[in-house]
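Report on the structure given below.
The values are calculated or read from the model by the stated rules, or taken from the named source; none is laboratory data. Given the structure is predicted, the values throughout are model-derived calculations rather than measurements. Positions of Cβ are generated from backbone atoms using ideal geometry, with glycine treated the same way; all protein chains shown enter the neighbour counts. Just the protein is used for accessible areas: all its heavy atoms, side chains included, with ligands, DNA and RNA removed. Shrake-Rupley method; radii C 1.70, N 1.55, O 1.52, S 1.80 Å.
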Amino acid sequence: MDPLTRVLFQMVRWLRHPPSWRTVQIIIVVLVAATALVLVERYIGWPDWATTERVPMRRM
């Protein structure tokens, strides 16, 4: 099942059985936080202290 179909099924489920106000608030907070992280990374840049270093894989 492709992601668009999954989203459409979720939208239909929410239309028939709307989530509680608390759940809606949590979804909005998560979406705002994710959007803020994307905007910070795209326009300001990512700080060096938050950048991870690649760990080389050890082969047997």
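Select one label from (1) 22, 12, 9; (2) 32, 9, 6; (3) 35, 20, 11: the one whose number is semi-axes √(5λ) of the Cα gyration tensor in Å as derived from the coordinates shown.
For semi-axes √(5λ) of the Cα gyration tensor in Å, the calculated option is (3).
Helix 21-39 sits at what angle to the longest principal axis of the chain, using alpha carbons and giving 0 to 90 degrees rounded to 10?
Long axis of 21-39 versus the principal axis of the chain: about 30 degrees.
If I compute solvent accessible area with a 1.4 Å probe over the protein chains, what percent of it on the chain is carbon and sulfur?
Numbers: 4340 of 6490 Å².
Solvent-exposed carbon and sulfur of the chain make up 67 percent of the total.
Ignoring everything except DSSP H segments at least 4 long, calculate the 222 nm mean residue ellipticity for the chain; use -39,500 (n - 2.57) per segment, divide by total residues, nearest 500. It would help to have the intermediate numbers written out before the result.
On the way: 2 runs with 33 residues, N = 60.
Using -39500 (n - 2.57) per qualifying helix, the result is -18500 deg cm²/dmol.
Considering only C-alpha atoms, what is the centroid distance from region 18-35 to region 42-60, in Å?
Going from one Cα centre to the other spans 29 Å.
With a 1.4 Å probe and every protein chain left in place, work out the accessible area per residue of the chain in Å², rounded to a whole number.
Values: 6490 Å² over 60 residues.
Solvent-accessible surface per residue comes out at 108 Å².
Can you list which of the trypsin sites (Lys or Arg not before Pro) found in the chain are DSSP loop residues with at most 15 other C-beta atoms within 10 Å?
On the way: sites: R6, R13, R16, R22, R42, R54, R58, R59; in loops: R54, R58, R59.
Filter output for the chain: R54, R58, R59.
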